[in-house]
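The numbers here are math on the coordinates, done by the rules we state, and not lab data. Just so it is clear, the structure is predicted and the values come from calculations on it, not from any experiment. Note that we place each Cβ from the backbone using ideal geometry, even for glycine, and neighbour counts take in every protein chain shown.
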Amino acid sequence: MGDRSLLVELGDTISPDVNRRVQRLMLQLQQAPPPGVREIAPGYRSLLVVYDPLSTAFAELTERIAEASVQQGLAGLPQAKLLTVPVFYGGNYGPDLEEVAGRLGIPADEVIRLHTETIYRVYMIGFTPGYPYMGELPAALAVPRRSTPRTRVPKGSVGIAQRQTGIYPVESPGGWQIIGWTPIELFDPSRQLPSLLEMGDRVKFEAVRQVEI
Amino acid sequence: MAGVNTFEVLSPGIMSTVQDLGRFGCARFGVAASGALDGFAVRVGNLLVGNDENAAVVETTLMGLRVKVLRDAVVAVTGGDLQARKGSEPLAMWRSHLVGEGETIVFSGPASGFRAYLAVAGGIQAAVVMGSRSTNLSSGFGGFEGRPLRKGDILAVEPVQDAVRFAGRGFTPAAVPAYASPWCLRVIWGPQDDHFSEAGKQTFVSAAFTVSPDSDRTGIRLKGPVVARRPALEESIISEGILSGAIQVPGDGQPIIILGETASGGYRKIATVISADLPLLGQITPGDEVAFEAVSMDEAVQALREMENRIDTFKRGLK
């Protein structure tokens, strides 16, 4: 991308296998960073490597990354942590729950049951600091983003969109359907690991209660 | 070491923040680079007052910042010409000056450019969070209490011995960037230029776009003819890492030049602004006209080398 980064694409789809390849290459490059590398930004299926073009030539860096991706088959992945996230579903906590249920033609309880029965993979952290993009949401819960994004989504909101689910770590604009809220702190810049969740971690949602409407 | 209270914010103007050159290495936590949008101006400003190039400065937008000097200090104003004054007299830009206790520095409004930088000998004091003193606006950390400056804020400066020796320095006049609309930004195609139709790409490099008023530190939003993508492609792509200068084209075909507050994105990027032109992005003002010129990687690296040479030459002259 431009004169100072390489976008390394490791697949075309959202899949745990492709995402694990991204994770392995990221760890490989973190352990032995090629000279001139300033930033490594993982995505679902790609790794953006930002470098200083005056200290490293594009061709040289491409070669180093190609070597790393050959070796990466050998590198193991760290143990993923499993985090249970308590969620208050519906009501003011999840203003879109009823609408989502209506759109899917299932009761709100069933939306909650489906959302809590899967263990999700954290594919990437992005959008705002600490925001986990997680998947894959059961097909029966796939809904589009809201046609008009909200200008303010409260901190802790749990949202779904298409086959993904996420949690808003801070108040921000957002277009996902908000079905619940959690009190957990996803991001704290003073912690050694500022983001509670990292790529590759696993998340299970647990219903605290459904607020009566 | 304890900082020295040096400025009191009498008015923050439209938007003023504490920034250094940015926060790198934290994208995997979703943390964007933030940082001064005109990095060239910050590096020169810091060198003028004897600082490390990456020291923290105040970035102010358009107009209205007024600070009272609480203690003698050596300052330099660089970047866009927002007509800085010391009391009632103009404060020459791209030069270092001694300002005295009780004096007021005012940014009255733009003669050219959009953002000015106030550098001070010692550097604005701010905690280093995740490797940087820059303000992260989305999560509210770094800089001054993680937020834009407000009336009444007191800015401390890192103590520095005998700062007065840095007063009276001037940057090479011929090397001062010209900030003027219409802008011609040099870009390198990609990474998703192949998702656009030939006509769309042609539009991108031949049209004049107008900068929309809803531009901010997250991006410069452009209005103009539709930059068409290939038929049968969805509006968005699978989210991936992004960096400043990347030019996203959402479903409506209106380009957005990404600035420093975004770590990932889900729209196609037709092209990316070259490193040498990134500092200009901080000076593009709503209402300006922007055009794009595609260049090769070699041309881009050459342009960057020339920019670095201008700074190196200046640095050597200071010793």
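Using the Cβ of B:Val211 as centre and a radius below 13 Å, the other residues enclosed give a net charge of -2, where K and R count +1 and D and E count -1. Angle of helix B:297-318 to the longest C-alpha principal axis of chain B, folded into 0 to 90 degrees and rounded to 10: 10°.
If each DSSP helix of 4+ residues adds -39,500 (n - 2.57) and the sum is divided by the residues in chain A, what number results at 222 nm, nearest 500 deg cm²/dmol?
-7000 deg cm²/dmol
Extension gain for the segment B:His195 to B:Asp214, taken as residue separation times 0.36 nm less the Cα-Cα distance, is 4.2 nm to one decimal.
Cross-link partners for B:Lys151 among the aspartates and glutamates, with Cα-Cα distance under 18 Å and sequence neighbours closer than 8 places in the same chain left out: B:Glu8, B:Glu59, B:Glu103.
In order along the range B:96-108, the phi-based Karplus estimate (6.51 cos²θ - 1.76 cosθ + 1.60, θ = phi - 60°) of 3J(HN,Hα) comes to 9, 9, 8, 10, x, 3, x, 6, 10, 9, 10, 10, 8 Hz; Gly and Pro are listed as x. Residues whose amide H falls under 5 Å from that of B:Met15, counting only those 5 or more places apart or on a different chain, are B:Thr61, B:Met63, with hydrogens built in the peptide plane. For the cross-link pairs A:Lys204/B:Lys269; A:Lys155/B:Lys269; B:Lys86/B:Lys319; A:Lys155/B:Lys68, which exceed 31 Å when the distance is taken from alpha carbon to alpha carbon? Listed pairs above 31 Å: A:Lys204/B:Lys269; A:Lys155/B:Lys68.
Per residue of chain B, the DSSP helices (runs of n ≥ 4 H) give a summed -39500 (n - 2.57) that works out to -4000 deg cm²/dmol at 222 nm. Phi-derived couplings, Karplus 6.51 cos²θ - 1.76 cosθ + 1.60 at θ = phi - 60°, listed residue by residue for the range A:85-98: 10, x, 10, 8, 8, x, x, 5, 6, x, x, 9, 4, 5 Hz, with x used for Gly and Pro.
Between B:Asn309 and A:Thr13, the modelled label-to-label distance comes to 5.1 nm, taking each label 7 Å out from Cα in the direction of the beta carbon.
From the alpha carbon centroid of the range A:1-22 to that of the range A:163-202 is 22 Å. Return the distance in nm (one decimal) between the two label points of a simple spin-label model at B:Lys319 and A:Thr148, each offset 7 Å from Cα along Cα→Cβ. In this crude label model, B:Lys319 to A:Thr148 measures out at 6.1 nm.
Between A:Glu171 and B:Gln302, the modelled labels are 5.2 nm apart [label points 7 Å from Cα along Cα→Cβ]. Sorted fewest first by neighbouring Cβ atoms within 10 angstrom, B:Ser275, B:Ser197 come out as B:Ser197, B:Ser275. With a cut-off of 8 Å between alpha carbons and a minimum separation of six or more residues, what is the relative contact order of the range A:75-213 in percent? After rounding, I find 37 percent. For the pair the range A:23-50 and the range B:200-261, the centres of their Cα atoms are 26 angstrom apart. Taking Cβ atoms as reference points and 13 Å as the exclusive limit, the residues near B:Ala303 contribute a net charge of -3, counting Lys and Arg as +1 and Asp and Glu as -1.
Report, ordered by chain and residue number, the aspartates and glutamates lying within cross-link reach of A:Lys81, taken as a straight Cα distance under 14 Å and ignoring same-chain residues fewer than 8 apart. A:Lys81 reaches A:Glu198, A:Asp201.
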